[in-house]
Amino acid sequence: MKKMGMLFVIAVMLLCGCSGNMKAGKAYLNEEKYVEAKEAFEKEIQEEKNLKEAYYGLGMACFELEEYEAAVENLEKAVLFGVKRDAVFGSFLGASYMETERYDQAIQEYKNVIADEDITEELKQEARYNMIIAYEKNGDWDNAKKELKKYTKDYPDDTRIKRDADFLETR
């Protein structure tokens, strides 16, 4: 699964809030200081300020720290507090579900990402690729093959999919 670098930059820009902890957390995310970002967002949550943004930021920091269970927990809390479920957010949540082996949830999240009307082509391609992987890991060979066929038609120059195509031929 591709690192979330570009998504990360976009998501940092989407976070809003004006408290000191929020500003610090966003700055730390931007500087790739994830431990410090996590601490700043946790303080924001303790102070019960900007909860949807703080949980979103905390989820991203946890994701980058490879604390995927915590990433899922915090991103789901961000949803409860009203974060906009756009393609960027869905990509983080889908990737977190993948890392925690919640493949059904990852597939659904990637479907939501793909359905987003404001999605970039790059993000759509990545979500489609990751959805194929989620189907594979879930043992749903028929859907994996179906999505792979559509994917290779739409992205014939993507060489990373060849390994998956070879694998699925044996299923």
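What the phi angles of the stretch 21-38 give under the Karplus curve with 6.51, -1.76 and 1.60, with θ = phi - 60°, is a coupling list of 5, 5, 4, 5, x, 5, 5, 5, 4, 4, 8, 6, 9, 6, 5, 5, 4, 4 Hz, glycine and proline written as x.
Phi-derived couplings, Karplus 6.51 cos²θ - 1.76 cosθ + 1.60 at θ = phi - 60°, listed residue by residue for the stretch 61-66: 4, 4, 4, 5, 8, 6 Hz, with x used for Gly and Pro.
Only the coordinates and a few stated rules stand behind these numbers; no lab work does. Source: prediction; values computed, not measured.
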